[in-house]
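Nothing in this text is a laboratory measurement; each read-out follows from the coordinates by a stated rule. All values reported here derive from a predicted model rather than from experimental measurement. Here the Cβ positions follow ideal geometry from the backbone for every residue, glycine too, while neighbour counts run over all protein chains shown.
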Amino acid sequence: MSAQPERTSSQASLSSAERDARLIARILAGDRELFHELVRPYETAVYTAAYAILQNEHDAEDAAQEAMLKALKSLPNFRAEAKFSTWLISIVINEARGRLRHARVLKIESLDAAAVDEEGAPVPAVISDWREVPSQALERKELRELLRSAIAGLPEIYRETILLRDVQEFSIAEAAAALGVGEGVVKTRLLRARLMLQKILAPQLRSKRSGLFGLFRSKAGGSWF
Amino acid sequence: MVLDCRHVWDQISNYIDGTVPQEFRDAVEEHLAHCRHCAAVLDSTRNILVLIADERTFEIPVGYSDRLHARLQEAIAAGD
């Protein structure tokens, strides 16, 4: 993702917050065109958050647009104790969840998943060794589809948590604020989501080594398995 | 502190995020040095997280940004 809310550098965080605060003040003073500039660093994150929930490109883009319009309209209500990016993402999450409910396709998984949150972590795929899959292997469409399919198969609460934390690189606190849950809940869901992905993907990636992906050769000429 | 595999799995996410206490971290590393299965679970999980974080994994639709800002401009111009 090219546009990611900052997560680790306090200096970067401060300057980003200051930038946003200054832009918001000018927008509220009447320079509304600056809204473009305000949201541009976060537009990829907004789309990805919507996609994490809706799992459909068209619906995700529609929800992202609607959330941005709502943010424009609601900007006078923004309170500076929250980060603007977190506030914006929480709007798109609510928008996307609302669309799911409206379409009556919301799976009865939230309560079930919340209940199992209190239980132990799932058991990972126990393997005896691991040879790294380099990022350059993502040039292969098959690998990208394998990864997307595995994430799509996660229950919604795990999907949105791992997308915010591991794809958008939100901090635990930011993800918790955007999702409207506590940090402990985020950590629990993250553990389950990560181990679920490992359980699904690790055996598949290993088995591909002499098959589909085995055809891939790095620029250096070697197989990535 | 001696850990079994289940303890390591239960904390593997926090371990990756660096949010476990140092004493526990040391115990995990001691376990990993002798347990090839847990080492492989950790390595594969980390590897998968790197892959899903890559911008190529989740592609943004072509023209998304242009369409978004055109829609925003309409609202701004209309005073919405």
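Each pair of Cα atoms in the range A:25-70 enters the Kirkwood radius, and Stokes-Einstein at 20 °C and 1.002 mPa s then converts it into a translational diffusion coefficient of 190 µm²/s. Multiplying the residue separation of A:K70 and A:D31 by 0.36 nm and subtracting their alpha-carbon distance yields 12.3 nm. Select from the range A:119-184 those GluC sites (Glu not before Pro) which occupy a DSSP coil region and have at most 11 other Cβ atoms within 10 Å, ordered by residue number. Counting only loop positions with at most 11 other Cβ atoms within 10 Å, the GluC sites (Glu not before Pro) in the range A:119-184 are A:E119. Scaling against 2.2 N^0.38 Å puts the C-alpha radius of gyration of chain B at 1.90. The modelled label-to-label distance for the pair A:E57/A:D129, using points 7 Å beyond Cα in the direction of Cβ, is 3.9 nm. As a proxy for reagent exposure, ranking A:E61, A:E81 by other Cβ atoms within 10 Å from fewest up yields A:E81, A:E61.
The H on the amide N of A:F170, modeled in the peptide plane, is under 5 Å from the matching H of A:R165, each at least 5 residues off or on a different chain.
Taking the fewest neighbouring Cβ atoms within 10 Å as the starting point, the ordered list for A:L147, A:L23 is A:L23, A:L147. Under 5 Å between amide hydrogens, built in the peptide plane, is the criterion, and for A:I127 it picks out B:V41 among residues at least 5 positions away or on other chains. Within chain B, B:C5 have no other Cys Cβ under 4.7 Å of their Cβ and so lack a disulfide-compatible partner by this rule. Treating r as the C-beta distance of B:A33 and B:A78 and R0 as 51 Å, the FRET efficiency rounds to 0.20.
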